[in-house]
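> So that we are looking at the same thing, I have put the structure below in structure tokens.
The values are calculated or read from the model by the stated rules, or taken from the named source; none is laboratory data. Values in this document were obtained by computation on a predicted structure and should not be read as measured data. Cβ sites come from the backbone with ideal geometry, for glycine too, and all protein chains shown count toward neighbours. With ligands, DNA and RNA removed, areas are computed over all heavy atoms of the protein, side chains included. Shrake-Rupley method; radii C 1.70, N 1.55, O 1.52, S 1.80 Å.
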Amino acid sequence: MSLSVLVLGGSGFVGRALCEQLVRRFGAGVRITVPTRRLRHAQAVKSLPGVTVVQADVFRDLPALVPGHDAVVNLIAILQGSAAAFEHVHVELPRRLAAALPAAGVRRLVHVSALGVDAQAPSRYLRSKAAGEAVLQVATQTSALDLTVLRPSLVVGAGDRSVNLFAALQASFPLMPLAGANAQLQPVWVQDLARALVEVLVRREASGQTYEIAGPRVLTLAELVRLAGQVAGHARPVLPLPG
């Protein structure tokens, strides 16, 4: 089987794992295009066989990037920013994808959202992710878009921006003040998420589906922070903060 995939966000944390898993699964049968605004950000995937890194602005150059691929995977997201920034990345980009894919004759889109998305969620991140999903679901009703949505829990692994941050903070401070210490999480390993992405790309029954992706263990945020400190060798007492 051969496959040609455009991976938006392919130079990021999840994108690197996805590129590795695609190469592992298909070998010489895969062709992966990874656009990036700065070529140096994609050094980790540039050396993988079958990966082509191109310098491009995804928002501006999307109509030129999509043609010639069998599928597009959208991993682009931000965790912080203004309301306008969340709207631009999480809603406007899906809107442009919904237009660019049918125009290029490409049907298959795998979109990575987030666990807990809701139009009434307390965070801009989750509200904007919900709005982006809604844009794509509407597009499936008016075009030939073949959509699968993945909603992962907190993604962890080498190079993540959560567990590694907790570990680094404990290296610097004598204790860890923590808001939401009792919040429950079900972290998923980045390589498991990448394997799930590969599976939905190749399985026809994944078309039109939404999958929630989580790991096997439920942890409170405090337990996750303690675990990060223990693994890094400098565990600190956790000080839960009031709501």
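> Considering each of Ala121, Ala131 in turn, give the residue that is assigned to a helix (DSSP H, G or I), within 30 Å of Ala83 (Cβ to Cβ) and aliphatic (A, V, I, L, M).
It is Ala131.
> Would a scan of segment 143-150 turn up a residue that is free of Cβ contacts under 8 Å to residues at least 40 places away in the same chain and either of a type outside the set (D, E, K, R) or surrounded by fewer than 16 Cβ atoms within 10 Å (Cβ to Cβ) (or both)?
No, that holds for no residue.
> Within the set of pairs 6 or more residues apart or between chains, which connect a residue that is farther than 10 Å from Pro240 by Cα and polar (S, T, N, Q) inside segment 159-185 to a residue that is part of a loop (DSSP other than H, G, I, E, B) and open to solvent by 50 Å² or more (accessible area, probe 1.4 Å) with Cβ atoms less than 9 Å apart?
Correct list of pairs: Ser162/Leu154; Asn164/Ala158; Gln170/Ala235; Gln170/Arg236; Gln184/Val218.
> Quick one: how many residues across segment 34-75 are open to solvent by less than 40 Å² (accessible area, probe 1.4 Å), part of a strand (DSSP E or B) and more than 26 Å from Glu87 (Cβ to Cβ)?
Of the residues in segment 34-75, 2 are open to solvent by less than 40 Å² (accessible area, probe 1.4 Å), part of a strand (DSSP E or B) and more than 26 Å from Glu87 (Cβ to Cβ).
Conditions (1) of a type in the set (Ser, Thr, Tyr); (2) more than 26 Å from Gln21 (Cβ to Cβ); (3) surrounded by 12 or more Cβ atoms within 10 Å (Cβ to Cβ), marked per residue:
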| site | (1), (2), (3) |
| --- | --- |
| Val200 | no, no, yes |
| Arg204 | no, no, no |
| Ile213 | no, no, yes |
| Val218 | no, no, yes |
| Val225 | no, yes, yes |
| Ala228 | no, no, yes |
| Gly233 | no, yes, no |
| Pro237 | no, yes, no |
| Pro242 | no, yes, no |
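> Could I ask something else about it? Filter segment 108-121 for residues that are within 17 Å of Val135 (Cβ to Cβ) and either open to solvent by 60 Å² or more (accessible area, probe 1.4 Å) or more than 20 Å from the chain's Cα centre (by Cα) (or both) and give the result.
Answer for segment 108-121, where residues must be within 17 Å of Val135 (Cβ to Cβ) and either open to solvent by 60 Å² or more (accessible area, probe 1.4 Å) or more than 20 Å from the chain's Cα centre (by Cα) (or both): Asp118, Ala119.
> Inside segment 76-92, can you point out the residues that are in contact (Cβ under 8 Å) with a residue 40 or more places away in the chain and either assigned to a helix (DSSP H, G or I) or over 19 Å from the mean Cα position of the chain (by Cα) (or both)?
Of everything in segment 76-92, those that are in contact (Cβ under 8 Å) with a residue 40 or more places away in the chain and either assigned to a helix (DSSP H, G or I) or over 19 Å from the mean Cα position of the chain (by Cα) (or both) turn out to be Ala83, Phe86, Glu87, His90, Val91.
> Among the residues that make up segment 186-196, is at least one of them acidic (Asp, Glu) and over 20 Å from Arg161 (Cβ atoms)? I'd like the intermediate steps shown before the answer.
If we filter segment 186-196 for residues that are acidic (Asp, Glu), which is where we start, we get 192.
Those left that are additionally over 20 Å from Arg161 (Cβ atoms): none.
Checked against the condition, which is being acidic (Asp, Glu) and over 20 Å from Arg161 (Cβ atoms), segment 186-196 yields no hits at all.
> Hey, Pro177 hits all of (1) at pLDDT below 95; (2) touching a helix residue (DSSP H, G or I) at 6+ places or on another chain (Cβ under 9 Å) but one; which does it fall short on?
(2)
> Please tell me if Gly208 is touching a Leu at 6+ places or on another chain (Cβ under 8 Å) and either modelled with pLDDT of 90 or more or not in a strand (DSSP E or B) (or both).
Yes.
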